[in-house]
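Report on the structure given below.
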Amino acid sequence: MLDKSFIGLTTKPRSVDVEKGQLAFFAQATGETNPIYFDDAAAKAAGYPAIPAPPTFLFCLGTMAPGDENIMGKLGVDIGRVLHGEQQFTYAKPIYAGDTITMTTKITDIYDKKGGALDFIVQDTEAQNQKGESVGVARTVIVVRNG
Amino acid sequence: MNYADIKLGDTLPEHVSAPISRHTLALYCGASGDHNPMHVDIDFAKKFGMSDVFAHGMLSMAFLAQLLTKWVPQQQLRHWAVRFTSITPVHAKVICTGKVIEKFEADGEKRLRLEINAVTDGGIHTLAGDAVIALP
């Protein structure tokens, strides 16, 4: 079982640039066919200031943002034993290519099930753009298989 | 599309992914920044008791996002949540469906709650959740 004293652990803010090439790569990898998600001209013709980040990309930004803090490492969790249990997004503002997103992740809960065979780690990542506006919150529930 | 035109039980046009190849998983690994070897390195997967690599849950959530953004512009998506109920095997096609289950008003907006699901072409129910969408 994981140490519940890690509840409340909060990372330092970490920032990442939203690059249009990365968004186009993401569109290719996910089979996206709507050109607003990979073609700058199509996005602008549709009334967007730049290519929008698609709905799940906030999660990717959290993974891409460089940071020297490895939450799973701090908790002593081996990445081979983790599964993604749940994912939620709440949006406040759109994210576009050219934005810089700054994120802070907090462990908001840790609990176990099946007599400790499974641990659950709930993390909330709050994200802001370069204007200091909230763009949204991503909640991730990680499941750790013990034994 | 207007709020007044929507009825409870209305369904979204189904969205079906291409089969998830090992190449898809390699591309998604790089494109998403999720470099967990469990999805691309069969040696690593076997070391942790899995018989093969399996798809990122977030890849299927991206397919569910496409279900939604084909139906309404993305800026109308307010909140959504999914549970990953089973692992998605390599080679699966992911079938994404949505259904209107609630009409309500919140924060001065007319909103819909959709039930959304992902099922593989092999019949495995992989993602279950809901989405809140604002409509004029």
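Could you check region B:1-21 and list, in sequence order, the residues that are more than 13 Å from chain A (Cβ to nearest Cβ), within 19 Å of B:Asp121 (Cβ to Cβ) and out of contact with any helix residue (DSSP H, G or I) (no Cβ under 9 Å at 6 or more places or on another chain)? Even if it seems obvious, please write down each step before you answer.
Just the residues of region B:1-21 that are more than 13 Å from chain A (Cβ to nearest Cβ), to begin with: B:1-14.
When the remaining residues are screened for being within 19 Å of B:Asp121 (Cβ to Cβ), the result is B:11-14.
B:Thr11 - this is the single residue of region B:1-21 that is more than 13 Å from chain A (Cβ to nearest Cβ), within 19 Å of B:Asp121 (Cβ to Cβ) and out of contact with any helix residue (DSSP H, G or I) (no Cβ under 9 Å at 6 or more places or on another chain).
Pull up region A:84-104, narrow it to residues that are more than 8 Å from chain B (Cβ to nearest Cβ) and assigned to a loop (DSSP other than H, G, I, E, B), then point me to the one that is nearest to B:Gly30 (Cα to Cα).
A:Ala97
Taking the residues in region B:11-26 that are of a type outside the set (Gly, Ala, Ser) and open to solvent by 40 Å² or more (accessible area, probe 1.4 Å) as candidates, determine which candidate is nearest to A:Glu32 (Cα to Cα). Only one residue tops the list, namely B:Val16.
Just wondering, is there one or more residues in region A:61-79 that are touching an Asp or Glu at 6+ places or on another chain (Cβ under 6 Å) and touching a residue at least 40 places away in the same chain (Cβ under 8 Å)? Checking region A:61-79: not a single residue is touching an Asp or Glu at 6+ places or on another chain (Cβ under 6 Å) and touching a residue at least 40 places away in the same chain (Cβ under 8 Å).
Select from region A:60-83 the residues that are open to solvent by 40 Å² or more (accessible area, probe 1.4 Å) and in contact with a strand residue (DSSP E or B) (Cβ under 7 Å, 6 or more places away or on another chain) and write down the one among them that is farthest from the other protein chains (Cβ to nearest Cβ).
Here is the first cut: in region A:60-83, the residues open to solvent by 40 Å² or more (accessible area, probe 1.4 Å) are A:63-64, A:66-70, A:73-74, A:76, A:78-79, A:81, A:83.
Filter once more, so that each one left must be in contact with a strand residue (DSSP E or B) (Cβ under 7 Å, 6 or more places away or on another chain): A:64, A:66-67, A:81, A:83.
On the way: A:Met64: 4, A:Pro66: 10, A:Gly67: 12, A:Arg81: 7, A:Leu83: 7 Å.
Going through the qualifying residues, I end up with A:Gly67.
Of all residues in region B:75-96, those that are at the interface with chain A (Cβ under 7 Å from one of its Cβ atoms) and either under 21 Å from A:Ile51 (Cα atoms) or open to solvent by 40 Å² or more (accessible area, probe 1.4 Å) (or both) total 5. Within this structure, B:Thr85 fails the test of being within 25 Å of A:Gln28 (Cα to Cα) and hydroxyl-bearing (Ser, Thr, Tyr). Got a sec? Which of A:Asp119, A:Asp112 is over 30 Å from A:Pro49 (Cα atoms), outside the structural domain of A:Lys44 (by TED's automatic domain parsing) and buried (at least 18 other Cβ atoms within 10 Å of the Cβ)? After ruling out the rest, the residue left standing is A:Asp119.
Quick grid of which residues meet (1) in a helix (DSSP H, G or I); (2) among the aliphatic types (A, V, I, L, M); (3) in contact (Cβ under 8 Å) with a residue 60 or more places away in the chain; (4) open to solvent by 50 Å² or more (accessible area, probe 1.4 Å):
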| residue | (1), (2), (3), (4) |
| --- | --- |
| B:Gly98 | no, no, yes, no |
| B:Lys103 | no, no, yes, yes |
| B:Leu112 | no, yes, yes, no |
| B:Glu115 | no, no, no, yes |
| B:Ala134 | no, yes, no, no |
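State whether one or more residues within region A:35-49 are of a type outside the set (Ser, Thr, Tyr) and within 7 Å of chain B (Cβ to nearest Cβ). Checking region A:35-49: not a single residue is of a type outside the set (Ser, Thr, Tyr) and within 7 Å of chain B (Cβ to nearest Cβ).
Filtering region B:10-40 to residues that are in contact (Cβ under 8 Å) with a residue 40 or more places away in the chain, in contact with a His (Cβ under 8 Å, 6 or more places away or on another chain) and assigned to a loop (DSSP other than H, G, I, E, B) leaves B:Pro19, B:Ile20, B:Ser21. Just checking, how many residues over region A:39-59 are out of contact with any strand residue (DSSP E or B) (no Cβ under 9 Å at 6 or more places or on another chain), touching a residue at least 12 places away in the same chain (Cβ under 8 Å) and over 10 Å from A:Ala97 (Cα atoms)? Summing the residues that are out of contact with any strand residue (DSSP E or B) (no Cβ under 9 Å at 6 or more places or on another chain), touching a residue at least 12 places away in the same chain (Cβ under 8 Å) and over 10 Å from A:Ala97 (Cα atoms) in region A:39-59 gives 3.
Scanning region B:42-70 for residues that are open to solvent by 50 Å² or more (accessible area, probe 1.4 Å) and either more than 10 Å from every other protein chain (Cβ to nearest Cβ) or in a helix (DSSP H, G or I) (or both) gives B:Ile42, B:Asp43, B:Lys46, B:Lys47, B:Ser51, B:Lys70.
The values are calculated or read from the model by the stated rules, or taken from the named source; none is laboratory data. All of these numbers come straight from a predicted model, not from anything done at the bench. A quick note on method: Cβ atoms are made from the backbone with ideal geometry, for glycine too, and the neighbour counts reach across all protein chains shown. We work out accessible area using only protein heavy atoms, side chains counted, and drop any ligands, DNA or RNA first. Shrake-Rupley method; radii C 1.70, N 1.55, O 1.52, S 1.80 Å.
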